[in-house]
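To start, the structure under review is shown below, and the notes come after it.
The values are calculated or read from the model by the stated rules, or taken from the named source; none is laboratory data. Just so it is clear, the structure is predicted and the values come from calculations on it, not from any experiment. Because the Cβ atoms are built from the backbone with ideal geometry, glycine has one as well, and the counts that use them run over all protein chains shown.
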Amino acid sequence: MSAPNSEPTTHSGEHITTADFSLTINGQTYDLQGIDTRTSLLDLCRNTLALTGSKKGCDHGQCGACTMLVNGVRVNSCLTFAVMHAGDEITTIEGIAPPNDLDDDSAPAKLAPIQQAFLDHDAFQCGYCTSGQICSATALLNELRENTPSYVSVNLAQPLPDDLGEAIDQHALRREIRERMSGNLCRCSAYPNIVRAIEQAFAIELDALKPTDLTDNQSTTEADI
Ligand code: FES
Ligand code: FES
């Protein structure tokens, strides 16, 4: 990032400080010039880069509609300045799904499991909060995978059992999901379906994490006996 340029710029008679910097968003680098250093990450994405999937609900850090991931951690993009994120990996809702096969126009659009789960469980009505909910849920799944505790975790070292063969305590999981999603408001009150969608995505994650060769090894052992 270059040093901020403190240029007297006519904007209601104010002096505006601008800066030139690069941002990496959804794997793509954007070289930006003359950006007002007071521009939020949300406004930059929506107004300058035409990444309009992230929504502005309150612009005060209270609703979560603007949630994005910065280096895998969720942030309210309305509360952070774009200029602070040169060198960070930023993911918006437009970058949550795996990339499509650009050589095959007939291939159906791919969705991330959490996006499919929102469809399967009808986890929205108007959809205004949905991009923030999905980005937040993506980070939530990372947190659970990494055993990051929340306010309601009884065992701070291990919020959920890590023995993949053991049944997850569904009540504990729901408590964790509700607490961890409490920063994302939904005016349509789709909360029960949002929780079910995240449970489904988590179950898919658990299945994917199970060692695939476990059954083969067991059958080999049994055959040997
Ligand atoms: S728009 Fe950012 S938290 Fe509401
Ligand atoms: S689906 Fe309408 S605000 Fe959440």
Please find, among 168, 114, 134, the residue that is part of a helix (DSSP H, G or I) and either under 26 Å from residue 47 (Cα atoms) or at pLDDT below 95 (or both). 134
Name the residues in the range 22-49 that are part of a strand (DSSP E or B), of a type outside the set (A, V, I, L, M), within 12 Å of residue 81 (Cα to Cα) and over 21 Å from the mean Cα position of the chain (by Cα), would you? 36
Would you pick out the residues in the range 117-129 that are out of contact with any Gly (no Cβ under 8 Å at 6 or more places or on another chain), within 16 Å of ligand 1 (Cβ to nearest atom) and touching a residue at least 24 places away in the same chain (Cβ under 8 Å)? 126
Residue that is farther than 23 Å from residue 191 by Cβ and either crowded, with 19+ Cβ neighbours inside 10 Å or within 14 Å of ligand 1 (Cβ to nearest atom) (or both), where the choices are 38, 46: 46
Qualifying position, being part of a helix (DSSP H, G or I) and exposed (fewer than 15 other Cβ atoms within 10 Å of the Cβ), among 173, 119: 119
Verdict on residue 147 being more than 16 Å from ligand 2 (Cβ to nearest atom) and either over 19 Å from the mean Cα position of the chain (by Cα) or part of a loop (DSSP other than H, G, I, E, B) (or both): yes
For the range 66-85, state whether one or more residues are surrounded by fewer than 17 Cβ atoms within 10 Å (Cβ to Cβ), outside the structural domain of residue 152 (by the TED database), within 13 Å of the chain's Cα centre (by Cα) and within 16 Å of ligand 1 (Cβ to nearest atom). yes
Which members of the range 8-21 meet the condition of being among the hydroxyl-bearing types (Ser, Thr, Tyr) and outside any strand (DSSP E or B)? 12
